[in-house]
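Beneath this line is the structure, given in structure tokens, with notes to follow.
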Ligand SMILES: Nc1ncnc2c1ncn2[C@@H]1O[C@H](COP(=O)(O)OP(=O)(O)OP(=O)(O)O)[C@@H](O)[C@H]1O
Ligand SMILES: [Mg+2]
């Protein structure tokens, strides 16, 4: 589904990603685990087209996409839920979700929005409120909701657990797992801790801009990985 090879990304003179290889098969949940500053956001933003790589290639469904715009990648079914922001502050919660669902087939939009309301009931309660009036955590739920109602065939979620209460994180992960099972969507999740393995089929470890390991979750010795690569 997604194949990244030899990706190098620089911010000015500093390199944030060095020769990164990364991939996801269709219908998989892939975790991207690494500490602060490891390059998780840089990798996801480069895949989605917000940053241009200095070197390397990105393929989506066998098509080379690193020269394509964010919108072209979006039209191909790639959706990024960024670590911060992503809501339209001067639109209501419902309007934000309507915009998120705009590329989804109209027959299923209502159902997708209902499912998001079930996952995050507070969004239902706040449906007519402007997004700017939501709390930080509620805005985070809305940003995730916008991703969930989209027609994404590949959903990239940058640190989904940030700003959410542990109970909400558990529910979100259960929902993502159910979405994967029922729709065959491909989901890439970044997290600072290896806890992402709870639902991931495979985990890449990244540190200082380099991929340190890629393991199927069942083979992952999380304690060893934590000590060895993530310093936790
Ligand atoms: N706009 C920028 N200009 C210069 N350096 C940047 C910029 N954005 C990120 N960096 C640097 O690139 C490196 C990778 O940052 P990135 O945001 O990708 O890490 P991350 O793994 O997402 O971290 P976090 O868990 O804190 O979100 C860091 O050293 C960071 O300081
Ligand atoms: Mg980040």
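For the stretch 2-109, which fully contained helices (runs of 4 or more DSSP H) count at least 1 residues that are within 16 Å of ligand 2 (Cβ to nearest atom)? Write out each step before concluding.
Working: elements: 40-48, 70-75, 93-100.
Result: 40-48.
Of the residues making up the stretch 4-34, those that are closer than 22 Å to residue 218 by Cα and touching a residue at least 24 places away in the same chain (Cβ under 8 Å) number 13.
Can you tell me which residue among 164, 155 is within 18 Å of the chain's Cα centre (by Cα) and not in a loop (DSSP other than H, G, I, E, B)? It is 155.
The combined condition, being touching a helix residue (DSSP H, G or I) at 6+ places or on another chain (Cβ under 6 Å) and in the same structural domain as residue 44 (by TED's automatic domain parsing), is fulfilled by residue 65.
Could you grab me the full set of residues in the stretch 12-50 that are at pLDDT 95 or above, out of contact with any strand residue (DSSP E or B) (no Cβ under 6 Å at 6 or more places or on another chain) and more than 23 Å from residue 200 (Cα to Cα)? Passing the criteria: 49, 50. Going by what's in this entry, would residue 73 be described as more than 16 Å from ligand 1 (Cβ to nearest atom), free of Cβ contacts under 8 Å to residues at least 60 places away in the same chain and in contact with a helix residue (DSSP H, G or I) (Cβ under 8 Å, 6 or more places away or on another chain)? Considered against the rule, which asks whether it is more than 16 Å from ligand 1 (Cβ to nearest atom), free of Cβ contacts under 8 Å to residues at least 60 places away in the same chain and in contact with a helix residue (DSSP H, G or I) (Cβ under 8 Å, 6 or more places away or on another chain), residue 73 comes out as yes.
The values are calculated or read from the model by the stated rules, or taken from the named source; none is laboratory data. Owing to the predicted nature of the structure, the values given are computational and were not obtained by experimental measurement. Here Cβ is always computed from backbone atoms with ideal geometry, including for glycine, and neighbour counts include all displayed protein chains.
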